[in-house]
Every structure is written in C-alpha cells, then in structure tokens.
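Take a look at the structure set out below.
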Amino acid sequence: MAKSKSAEKIDPAILKVALILVFGALAPLFDSTMVNVALETLTLDLGSTVSVIQWVVTGYVLTMGISIPVSGWAVNRFGGKRVYLFSLTVFLAGSILCAIAWNPGSLIAFRLVQGVGAGILIPTLQTVLVQSAGKSLGRVISIIGIPTLLGPILGPVLGGVIINGLSWRWIFYVNIPISLIALWLASRGIPADQPSARKQPLDLTGLLLLSPAFAILIYGIAQISQYGGLNSKEVSIPLVIGLVLMAAFIVYALRTNRTPLLDLRLFKSRIFSASNATVFLGGMVMNGALLLLPLYYQQVRGESVLFTGVLLIPQGIGMLLTRSWIGSLSDRIGSRLIVILSLAVTIISTLPFAFAGPDTNQILLAAALVLRGAALNGLLIPVMVSAYVGLRKDQVADASIALRIFQTIGGAFGAAILATVISHQLSSHAASGALTVAGAYNVAFWWSIGFAVVSFLPALLLPDGKEAAMVKDESALKKAAG
C-alpha cells in the first residue's frame with residue numbers, strides 16, 4: 001500500500017522544474033488573450049483602423065507558427081534549458097519593445113518578435129518536462145495544461161481590468177516582471193541537460209517547407225470567418241499554398257536521407273496518429289467554444305467585457321477541480337475511456353447553451369460551465385499522455401511539435417468555422433427577422449456539439465491501460481536490447 005501511494009506522487013525535483021517552466025509560460029499565454037481584448041483601444045489610441053491593428057494578432061500567430069517547428073531541432077542541438085531561456089528572453093525583449101511602441105507599424109513589428117519567443121517556448125517546455133517525467137507523465141502533463149486552459153479564461157478578465165483602469169501599454173508591461181522572475185527561477189532551478197550526442201544540422205529544406213506551410217494555413221483559416229467561407233480567393237489561395245507546401249514537406253521528409261525537421265515516421269504508430277487526430281478535433285471543440293462563450297454573453301446578454309470574464313470563471317473552476325486526478329488516472333488506465341467520457345460530458349454541458357436565450361438562468365449556465373471545464377481536462381491531458389507512450393527521448397521533441405501543430409490548426413479551424421456559422425446565420429436571416437441573435441448562437445453551439453460527436457471516432461483508437469503498458473514494455477525492451 002505504501003508503495004502504491006508513493007507511486008502516486010511526482011518526484012519533487014520534477015515537480016519543481018514543472019512549476020518553474022509553467023510559470024514562464026503564463027506570460028505569453030495570458031498576453032495573447034489580453035491583446036484580443038485591447039484591439040479596439042489600440043485602434044483608437046494609435047489612430048489606426050481595425051484591419052491594420054488586426055495584424056497585431058495575426059502577425060503574432062504567424063511568427064509563432066513559423067517558429068514552432070524549429071524548437072525540436074534546437075532542443076536536440078543545444079539542450080532544453082538553453083532553448084527555454086533563449087525563447088523567454090526573446091519574448092521579454094518583444095514585450096518591452098511592444099510597451100514602448102509609437103505607432104501601429106512598430107507595434108506589429110515588435111509583436112513579431114514576441115511571436116518568435118512564444119512559438120519556441122511552449123513546445124520546448126513540453127519537451128523538457130516529458131523527457132524528465134518518467135512514470136508520472138499524466139500528472140506532469142496536467143501541470144503543463146494549467147496556463148493553456150486558464151489563459152483564455154483569466155486573460156480577458158485581466159485585460160479588461162487593465163484596459164478599464166490603465167493604458168493599453170500595461171498589457172505588455174505586466175509581462176516584464178513575470179518574464180524576469182521566470183528567467184531567474186529557470187536559470188537557478190532547472191538542471192542543465194545534455195543536448196543530443198548527434199549534432200544534427202538544421203534541416204533548412206524542411207524548415208523552408210514546413211514553417212511557411214503551417215503559418216500560411218493558420219492565416220488562411222483565420223480569413224475564413226472574415227470572408228464568409230472558402231469561396232473567396234483571400235481564403236482559398238493561402239489554404240492551397242499551405243496545403244501544397246505541407247504535401248511537399250511530407251514527400252521530402254519521407255524520402256530524405258538526412259534527419260528531417262519533423263520525423264513523420266512517428267505517425268506509423270496507430271496510437272500516435274489517433275492521439276494527433278483527437279488533439280486536432282479536441283482543439284476544434286475547445287477553441288471553438290472559447291470563441292462562442294464570451295460572444296454569447298456580450299452579444300446575446302449584453303454583458304461588458306470585464307463581467308463576461310467573471311461569468312466564465314466557473315469553467316476555470318471546473319478545470320482546476322479535475323486537473324490533478326485526471327493526470328493521475330491517465331497514468332493508470334490509459335486515455336481511451338477518459339476521453340470518451342469527457343466527450344460525453346462536454347456534449348451534455350454544451351446543451352444548455354444550444355437552447356439558451358437572453359434570459360436563461362445564470363445559475364444553470366454557471367453549473368454547465370463548471371461541468372464543461374471539468375471535462376476539458378479529459379480532452380487534453382490523456383490524449384497528450386498517449387501521444388508520448390513508447391517514444392524514445394530523442395523522439396519527444398518531434399512529438400511535441402506535431403501535437404502543437406495539430407492542436408493549433410484544429411483550434412483555429414474550429415473557431416473560424418463557428419464564427420462563419422454565426423455570421424452566415426445572422427446575415428441570411430437579418431432581412432426576415434426569422435432568427436434572433438440568440439438563435440444564431442444556438443446554431444453555432446450545435447455545431448460545437450457536432451465537433452465533439454465526430455471526436456469519438458479517433459478517441460476509440462486511443463489506448464486503454466493494458467495496451468499503453470504493453471507499448472511501454474516493448475519500448476523498454478528495445479532500449480535495453482539496443
């Protein structure tokens with residue numbers, strides 16, 4: 001019994017590293033949501049237009065997309081600690097520059113610097129922790145998920161407070177103390193790790209194919225809601241270019257004799273492929289709703305940005321309630337059952353919003369948000385655990401990049417589809433008055449439920465506890481034999 005209880009605990013050294021790394025990730029994840037709240041204020045204060053200021057967000061996302069694929073090579077080449085400190089320093093420099101920006105052009109340019117730092121930081125954090133997690137993988141990933149899950153909920157609240165009481169520049173100023181403390185903690189509290197013995201050169205061909213492919217796909221997907229679908233050339237051209245570049249990278253990576261920027265042989269594993277497919281659809285479920293929920297409260301119920309953030313806190317409470325034990329459960333019983341049950345709970349907790357109007361009981365909606373938040377952990381943590389099952393240490397960086405790419409594209413795609421659904425519903429029924437604003441959001445929430453239903457398909461291919469244990473044992477035998 002004592003042994004069993006001991007096994008439930010994370011090694012204190014690993015826990016210390018996890019908390020330090022996650023603290024550093026708070027700045028970029030809160031920053032992105034706070035900037036979204038400030039777009040209108042930025043437009044007015046800088047004397048610009050919405051179409052220009054939107055590039056403060058778009059440019060940041062694109063440079064993140066370009067930077068993410070580099071992180072795996074950098075970790076293997078220079079070591080995780082060095083890359084983490086470098087990425088956090090770049091983000092800090094970008095934050096300082098953004099805070100003193102003097103016009104829209106300078107702010108957009110400095111946001112590109114921030115995006116480079118954030119794009120390398122998040123997958124690096126994930127790689128470092130997974131490589132050191134050992135048997136506590138699920139519990140460690142539950143810690144990684146804290147800023148990812150809470151950022152979109154608490155970020156708008158903080159952004160609303162700052163915009164209401166201070167200058168927009170404070171959205172960037174607040175990153176400075178967080179980043180400086182994180183750098184000090186990481187430099188002293190994270191043990192130096194050894195880079196890979198093989199000093200592999202950077203795969204420039206792969207970089208020139210994969211990084212633009214990812215960034216252009218994200219850009220094209222982001223244009224979907226603005227242009228109302230896939231018919232516009234502003235949407236179709238970047239999507240086609242992105243897909244062609246992605247296909248070219250796949251062909252190149254499978255045929256090259258060099259070590260590619262991303263090892264696609266990982267996808268030969270059914271578990272890894274199913275995990276990435278589930279992460280993609282899970283991103284659609286989570287990010288789509290993260291778009292819908294605040295807009296429902298603001299446009300249907302007429303709430304302020306700040307009070308909307310307060311009304312979304314119950315979802316964050318639900319996330320905190322299940323975070324630790326879902327991670328522990330994932331280590332013991334595998335991911336399949338947890339994800340399937342979480343999808344079912346997600347559907348049930350979204351149903352009240354599919355019928356909600358301007359006067360729906362707030363207590364009912366708050367209860368649904370707590371339930372939904374509790375289920376979101378079950379869509380993220382177990383799937384990420386299963387993706388790393390049986391991998392060698394040198395494969396973890398590639399797995400982190402793949403997961404990040406699929407999660408980001410899925411989240412962007414889900415949000416774009418739901419924004420398009422709302423826009424289409426409102427415009428097509430505006431003349432006749434056949435559909436209210438509440439009705440448009442009801443339809444969009446039904447689409448979100450549809451995403452969750454489709455997610456059951458790859459979830460059925462995820463491993464249960466016995467299969468995960470077998471894969472781990474086979475991997476251990478191969479390492480011992482090799």
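Brief remarks on what is shown
Okay, residues lined up against (1) closer than 16 Å to Asp398 by Cα; (2) assigned to a loop (DSSP other than H, G, I, E, B); (3) touching a Cys at 6+ places or on another chain (Cβ under 7 Å); (4) without any contact (Cβ under 8 Å) to a residue 40 or more places away in the chain:
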site: Trp184; (1), (2), (3), (4): no, no, no, yes
site: Leu202; (1), (2), (3), (4): yes, yes, no, no
site: Phe214; (1), (2), (3), (4): yes, no, no, no
site: Leu217; (1), (2), (3), (4): no, no, no, no
site: Leu230; (1), (2), (3), (4): no, yes, no, yes
site: Pro238; (1), (2), (3), (4): no, no, no, yes
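- Considering residues of the stretch 252-276 that are of a type in the set (Gly, Ala, Ser) and buried (at least 21 other Cβ atoms within 10 Å of the Cβ) only, the residue farthest from Ile120 (Cα to Cα): Ala274
- Residues located in the stretch 75-102, provided they are open to solvent by 30 Å² or more (accessible area, probe 1.4 Å), modelled with pLDDT of 90 or more and within 24 Å of Thr43 (Cα to Cα): Ala93, Ile96, Leu97, Ile100
- Within the stretch 245-281, considering residues that are in contact (Cβ under 8 Å) with a residue 12 or more places away in the chain and of a type in the set (Val, Ile, Thr), the one farthest from Ile405 (Cα to Cα): Thr256
- Flag if Gln114 is closer than 12 Å to Gly59 by Cα and either open to solvent by less than 10 Å² (accessible area, probe 1.4 Å) or out of contact with any His (no Cβ under 9 Å at 6 or more places or on another chain) (or both): yes
- Per the conditions (1) modelled with pLDDT under 85; (2) open to solvent by less than 10 Å² (accessible area, probe 1.4 Å); (3) over 30 Å from Val75 (Cα atoms); (4) not aliphatic (A, V, I, L, M), the sole criterion not satisfied by Thr420 is (2).
- Leading residue by the ranking (modelled with the lowest pLDDT) among those in the stretch 158-177 that are buried (at least 23 other Cβ atoms within 10 Å of the Cβ) and in a helix (DSSP H, G or I): Gly159
- When the stretch 47-63 is limited to residues that are open to solvent by less than 30 Å² (accessible area, probe 1.4 Å) and among the aliphatic types (A, V, I, L, M), the one that is farthest from the chain's Cα centre (by Cα) turns out to be Ile53.
- The condition (being in a helix (DSSP H, G or I), at pLDDT 85 or above and over 28 Å from Arg332 (Cα atoms)) is satisfied by just one residue among Val61, Val37, Val56, Val70: Val70.
Per-residue answers, yes or no, for (1) under 21 Å from the mean Cα position of the chain (by Cα); (2) among the β-branched types (Val, Ile, Thr):
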residue	(1), (2)
Phe249	no, no
Ile271	yes, yes
Ser275	yes, no
Gly283	yes, no
Ile313	yes, yes
Arg332	no, no
Ile347	yes, yes
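The values are calculated or read from the model by the stated rules, or taken from the named source; none is laboratory data. None of these values were measured; they are calculated from a predicted model. Methodologically, a virtual Cβ is constructed for each residue, glycine included, from the backbone with ideal geometry; neighbour enumeration extends over all protein chains shown. These area figures cover heavy atoms from the full protein model, side chains too; ligands, DNA and RNA do not enter into them. Shrake-Rupley method; radii C 1.70, N 1.55, O 1.52, S 1.80 Å.
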